Structure formats: structure tokens, C-alpha cells
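The values are calculated or read from the model by the stated rules, or taken from the named source; none is laboratory data. Worth saying up front: this structure is predicted, and the values here are computed from it rather than measured. Here the Cβ positions follow ideal geometry from the backbone for every residue, glycine too, while neighbour counts run over all protein chains shown.
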Amino acid sequence: MTALNRPRIAILGRFADGSTATRSRAVVSARALVDAVWNAGGDPITLLPTSDTDWATRLRGFSAVLMPGGGDLNPELYGQSPESDELYGIDPLQDAADLSLTQWAIANKVPFLAICRGFQLVNVAFGGTLVQHMQNDHRHVVHQLHLDADAERLGVGAAPLESSCYHHQAIDRLGEGLRVIARATEGHVEAMAIDNGAWAYAVQWHPEDNAAENVQQAGLFAKFVEQAQNAPLI
């Protein structure tokens with residue numbers, strides 16, 4: 001696929017405290033994530049999180065939005081006070097930009113994929129809540145998912161799916177307008193469909209971790225890019 005016909009995929013960057021390449025604080029996208037989008041035929045482009053939320057202008061010429069993983073959301077966004085010493089990476093500007101872009105993309109029926117923090121963000125954006133810290137956190141854990149029939153629209157096929165997880169929070173109360181389509185063995189929600197009339201999904205695991213060698217995980221990115229390819233430009 002040439003650069004001319006690769007759909008442009010907007011990925012909202014993540015603030016990082018340090019980077020060897022930049023020698024200071026940075027705005028980053030995970031290499032595995034942008035590689036997965038590129039290998040699926042998309043053109044991943046990192047956006048700077050700012051207070052400028054004129055997304056119709058900022059996303060002109062893009063075809064889809066990907067909300068990646070990152071640090072924790074401020075619990076005040078879902079009506080709670082911080083209750084765990086395990087909370088990390090909370091940044092008010094990151095939270096505000098993420099929520100604004102998520103709500104805009106979903107309201108405007110833009111092809112949308114959210115991963116890990118992005119998954120939790122979607123739930124909060126729709127009025128849901130989170131478990132601030134799981135007793136059995138899922139850092140560096142691979143486990144099998146139980147998928148329902150609608151999960152096939154993710155492009156991962158019908159076979160049992162193993163997911164690479166790195167999270168210490170989970171869905172508590174499900175947000176309105178969200179539909180669970182996959183769970184982990186112990187019952188935690190691992191994927192949701194967003195019923196807005198467009199291809200819009202959120203997954204708790206990190207499909208980019210092994211998309212290079214796992215056809216099911218690569219299939220998720222292929223389906224996402226296919227939806228972007230067929231969507232009108234923003």
C-alpha cells in the first residue's frame with residue numbers, strides 16, 4: 001500500500017517523564033502500536049494533547065481515531081476520591097484531551113479503537129466507574145478471553161483468544177450505551193462495543209504486544225484500518 005492510499009489514523013500522544021532520545025520529558029506513542037497500525041495498512045500519526053479541542057479542524061484529512069494505553073485517570077472523573085497508593089501517571093491535561101477526543105469521535109461516528117487506558121476512558125466517558133486497584137493486577141499477564149458472537153466484528157476470528165495484559169484497574173460499573181463482548185476467565189470485562197452506529201470498540205488488553213506474530217491480534221488492526229479506509233475523510 002502506498003502512502004497516498006493509507007488512511008491517516010490519529011493517535012493521541014502520551015506525556016512521558018523521560019525519553020532517552022529526547023533527553024527530557026516527551027510526548028510519545030508506543031513503537032509496537034504504531035508498527036501494528038502501519039503493518040495493517042494505516043498511517044499512524046501522533047497528536048499533541050492540548051487544550052485545543054477543535055477536533056473537526058485538527059483531524060481534517062484523518063479517517064479514524066485510536067486511543068492508546070497510558071497512566072491512570074483521575075478518580076474524580078468518575079465521582080470518587082483517590083483511594084489507592086497504586087495510582088500513577090495522572091495528568092489533568094491528558095485526561096481532558098483524551099475525554100474530549102473520545103466523546104467527539106464517538107459522537108461523530110468516526111471509526112474508533114481504544115486500548116487499555118483508552119478502554120477505561122471510554123467507560124468513564126459514558127458514566128461508568130473503575131476499580132482503582134485490583135487485588136490480582138494484570139501486569140505482564142497473558143490470559144484467555146471468552147468472546148461473544150459480536151466480538152467477531154473485531155476481526156480476531158472465532159477461536160479462543162489469548163490477550164497480553166498490563167493493567168491494575170478494571171471496569172466496575174459499566175457505562176451507558178456500552179455492551180460487553182469479551183471477558184477474562186475471572187470475569188473482568190476485556191472488550192466492549194460502543195453502540196453508536198459505527199465501528200467503535202474498546203479492548204482492555206494490548207493487541208499490539210504480539211500483533212507481529214499473532215494473526216488474531218493483527219486481525220484487529222487490519223479490521224480497524226479497513227474501516228478507516230472505507231470511511232469518509234474527517
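Details
- Check on Arg179, over 17 Å from the mean Cα position of the chain (by Cα) and closer than 30 Å to Gln132 by Cβ: no
- Some residue of the range 122-129 being out of contact with any Ser or Thr (no Cβ under 7 Å at 6 or more places or on another chain) and in a helix (DSSP H, G or I): yes
Listed here are the residues, each with its yes/no results for (1) surrounded by 18 or more Cβ atoms within 10 Å (Cβ to Cβ); (2) farther than 27 Å from Asp17 by Cα; (3) free of Cβ contacts under 8 Å to residues at least 12 places away in the same chain.
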residue: Ala56; (1), (2), (3): no, yes, no
residue: Gly89; (1), (2), (3): no, no, no
residue: Leu101; (1), (2), (3): yes, no, no
residue: Val110; (1), (2), (3): yes, yes, no
residue: Ala114; (1), (2), (3): yes, no, no
residue: Val122; (1), (2), (3): yes, no, no
residue: Gly128; (1), (2), (3): yes, yes, no
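- Within the set Asp195, Asp172, the sole residue that is touching a strand residue (DSSP E or B) at 6+ places or on another chain (Cβ under 9 Å) and without any contact (Cβ under 8 Å) to a residue 24 or more places away in the chain turns out to be Asp195.
- Hey, Asp137 under 29 Å from Glu76 (Cβ atoms), among the charged types (D, E, K, R) and either under 17 Å from the mean Cα position of the chain (by Cα) or modelled with pLDDT of 90 or more (or both) or not: no
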